1. Using r as the Cβ-Cβ distance of Asp30 and His99, and R0 as 35 Å, what FRET efficiency do you calculate, to the nearest 0.05?
2. From the residues Val19, Gln104, Ser238, which one has its Cα farthest along the dipole of region 19-276 in the positive direction, the dipole being from +1 and -1 charges on Cβ of Lys/Arg and Asp/Glu about the Cα centre?
3. Rounded to the nearest 0.05, what FRET efficiency do Glu265 and Asp229 have when you use their Cβ-Cβ distance and R0 = 22 Å?
4. Roughly how big is region 19-276's charge dipole about its Cα centre, with Cβ charges of +1 (Lys, Arg) and -1 (Asp, Glu), in debye to the nearest 20?
5. Could you give the distance between the Cα centres of region 58-75 and region 116-194, to the whole Å?
6. Using a 1.4 Å probe, how large is the accessible area of Phe127, given in Å² and rounded to the nearest 10?
7. What length, rounded to one decimal in nm, is gained on full extension from Arg173 through to Thr63, with 0.36 nm per residue of separation minus their alpha-carbon distance?
8. Suppose a student asked you for the relative contact order of region 19-276, using Cα pairs under 8 Å spaced at least 6 residues apart; what percent would you report?
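The values are calculated or read from the model by the stated rules, or taken from the named source; none is laboratory data. Values in this document were obtained by computation on a predicted structure and should not be read as measured data. Note that we place each Cβ from the backbone using ideal geometry, even for glycine, and neighbour counts take in every protein chain shown. Side chains included, ligands, DNA and RNA excluded: accessible areas come from the protein's heavy atoms. Shrake-Rupley method; radii C 1.70, N 1.55, O 1.52, S 1.80 Å.
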Amino acid sequence: MQSRTSASVAEMFAANRAVGRVKFDVHLKDGATRRRQLHEEGSLRVRFPSPEQQGLSAVFVNTAGGIAGGDRFDIGIAAGDGAHLTVTTAAAEKIYRSHGPEAQVNIALRAGDDARLAWLPQETILFDQARVMRRIDIDLSQSASLLLCEIVVFGRAAMGEVMVHGSFTDRWRLRIGGRLAFAETIRLDGDIAGKLASRAVANGGIAIGTALIVPGDEAVVEHIREVSDAFGAEVGVSAWNGFAMARFCAQDAARLRADMMKVLERVSPSGLPRLWLN
């Protein structure tokens, strides 16, 4: 009887999990970037504000109001040859506590010859006992350019909330011209608060961020370092394999966001999305 009840509860839980899928591509038409094909499913939606002269902006909205254990979200974006696309989110994404299964977020980004793609979501906030597995796969043409940023906040310090336990796995793969240029997997689980307190991990930081710039070289690194005196977070910048990367770690999420904005303003040809400025 008990096993039958447990199976029934598991089935009910699975049936109530949020699933969201968005896949779209843009192309260059008459000198301007325009949407071509779009598929939306479940609680994930994308909206396109009024088009700019050349580029196009896209804004993701999660109508589920957040992500919980067992939820799955899949995003696929392709920018065709010569297209310019900037993608952001309407608000910070919240990952809520899970009683077992982890949430899954899968992101696939592609950019063709001379395309320019900016993936600039607002923060991802992990609540205590959240469990999430995120995969980001990027495939760029040799002549494409990319600006990508991701900020992860462990708990809501301003609300007196700390992420004590949970699981966070973040897997990134970047290919340029078909060649693997960058691969990284970060995993924090169990006593996350204790691990973040370690000097070898985050030295008490509760927010981390990454800005990835392709193409990137020492000139880009020096351009970012010109404003390093204004950084309030711990920031490291380097370049290799044809791209540049800035890493952030801070004990205050707002401070890290401000530093990330300084970096993005330095390297973004089209500036920050308006939603970042509200």
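1. Calculated value: 0.10.
2. Val19
3. On the way: r = 15 Å, r/R0 = 0.70.
About 0.90, to the nearest 0.05.
4. 500 debye
5. 15 Å
6. Only protein atoms counted, so the area is about 40 Å².
7. 36.8 nm
8. 13 percent
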